[in-house]
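Undergrad: Dumping the structure here so I can ask a few things about it.
The values are calculated or read from the model by the stated rules, or taken from the named source; none is laboratory data. Here the structure is a predicted model, which means the values were calculated and not measured. Neighbour counts are summed over all protein chains in view; Cβ atoms, including those assigned to glycine, are modelled from backbone coordinates with ideal geometry.
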Amino acid sequence: MPLYRDFSDDNATILVWKYDESEELDINELLEPENAEKVKDYHPKKLLEVLMVRKLLKGLKPHSKILYKEREPFLSPKDAEVSITHSFPFAAIAVSKNKIGIDIEKFNPKILRVIDKFTYENERGFIPENNAPAFYTIIWSVKESMYKIHHSKYWSLKKNYEVKPFELKHLHKISCRVYDEQFSDEFKARVEFFDDYCFTIVEE
């Protein structure tokens, strides 16, 4: 299987695969029976993304399954934490001793249309106008990665997630947090670029 990138560290195995048409992805071999109903109406590309993640998992933990509880993926047997992400033609998986969130996003200027949905105006002062799409894509992706650690459908990427100011030349320790009135959980995000994509990793 053609591995595209390996971002593993001391705590986690983090792998990215880029789809290759020559690769055979057998749904009967790769997909967990428990997820058959979940994917039955998926677009062919989305189904490929799901199967790519399973192929990556087979190489790491051949006897494990990815199952879901309230849309949140978990490993069965639950002997490690898992996070998955995909944006065709890429798919990625992280398997870790600790909670982890990963996310992949394509850089796209259209993100400027939706910045009010995931940032406040007072969060934007450090963002240069000439490179705004890149900065907002990183912010969105970091917040998505944090969401996968603090999974809750009631929480808002705008109200409960913060990414502190950063520079493009320092992307491996971006300060960020999940918070509400009672607590603040601080993290350091790691950001990688490849093929017009942004890939973010947040580890507990």
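Undergrad: Identify the single condition in (1) of a type outside the set (D, E, K, R); (2) within 23 Å of His150 (Cβ to Cβ); (3) in a loop (DSSP other than H, G, I, E, B) that His86 does not satisfy, given that it satisfies every other one.
TA: (3) is the only condition that His86 fails.
Undergrad: Let me confirm something: among Asn122, Asn98, Asn131, which residue is over 18 Å from Glu162 (Cβ atoms), free of Cβ contacts under 8 Å to residues at least 40 places away in the same chain and among the polar types (S, T, N, Q)? Explain how you work it out, then say what you get.
TA: Working: Asn122 fails: over 18 Å from Glu162 (Cβ atoms); Asn98 fails: free of Cβ contacts under 8 Å to residues at least 40 places away in the same chain.
Of the residues listed, the single one that is over 18 Å from Glu162 (Cβ atoms), free of Cβ contacts under 8 Å to residues at least 40 places away in the same chain and among the polar types (S, T, N, Q) is Asn131.
Undergrad: Looking only at the stretch 135-159, which residues are out of contact with any strand residue (DSSP E or B) (no Cβ under 6 Å at 6 or more places or on another chain) and not in a helix (DSSP H, G or I)?
TA: Ser152, Lys153, Tyr154, Trp155, Ser156, Leu157, Lys158, Lys159 - these are the residues of the stretch 135-159 that are out of contact with any strand residue (DSSP E or B) (no Cβ under 6 Å at 6 or more places or on another chain) and not in a helix (DSSP H, G or I).
Undergrad: On to the next question. Considering only residues that are at pLDDT 95 or above and assigned to a helix (DSSP H, G or I), look in the stretch 114-123 and name the one that is surrounded by the fewest Cβ atoms within 10 Å (Cβ to Cβ).
TA: Step one: list which residues in the stretch 114-123 are at pLDDT 95 or above, which gives 114-119.
Those left that are additionally assigned to a helix (DSSP H, G or I): 114-118.
Values: Val114: 11, Ile115: 20, Asp116: 9, Lys117: 11, Phe118: 19.
Here the residue is Asp116.
Undergrad: Among helices (runs of 4 or more DSSP H) lying entirely in the stretch 1-69, which contain 3 or more residues that are of a type in the set (A, V, I, L, M)?
TA: On the way: elements: 27-30, 36-39, 44-60.
Correct list: 44-60.
Undergrad: For the stretch 75-90, check the following and say yes or no: at least one residue is touching a residue at least 40 places away in the same chain (Cβ under 8 Å), more than 22 Å from Val39 (Cα to Cα), of a type in the set (A, V, I, L, M, F, W, C) and surrounded by 12 or more Cβ atoms within 10 Å (Cβ to Cβ).
TA: no
Undergrad: Condition check: surrounded by 11 or more Cβ atoms within 10 Å (Cβ to Cβ), assigned to a helix (DSSP H, G or I) and not hydroxyl-bearing (Ser, Thr, Tyr). Does Ile111 satisfy that? Reasoning before the result, please.
TA: Numbers: surrounded by 11 or more Cβ atoms within 10 Å (Cβ to Cβ): yes; assigned to a helix (DSSP H, G or I): yes; not hydroxyl-bearing (Ser, Thr, Tyr): yes.
Judged against the criteria, Ile111 is a match.
Undergrad: Which condition number in (1) within 18 Å of Ala12 (Cβ to Cβ); (2) surrounded by 15 or more Cβ atoms within 10 Å (Cβ to Cβ) is the one that Lys97 fails?
TA: (2)
Undergrad: Follow-up question, since we're still on this one. Could you please find all residues in the stretch 1-44 being surrounded by 11 or more Cβ atoms within 10 Å (Cβ to Cβ) and of a type in the set (Ser, Thr, Tyr)?
TA: Answer for the stretch 1-44, where residues must be surrounded by 11 or more Cβ atoms within 10 Å (Cβ to Cβ) and of a type in the set (Ser, Thr, Tyr): Tyr4, Ser8, Thr13, Tyr19, Tyr42.
Undergrad: Give me a count of the residues in the stretch 162-189 that are in a strand (DSSP E or B) and in contact (Cβ under 8 Å) with a residue 40 or more places away in the chain. Please lay out each step first, then the result.
TA: From the stretch 162-189, those in a strand (DSSP E or B) are 162-163, 167, 170, 174-179, 184-189; that's our starting set.
Those still in the list that are in contact (Cβ under 8 Å) with a residue 40 or more places away in the chain too: 163, 187, 189.
Result for the stretch 162-189: 3.
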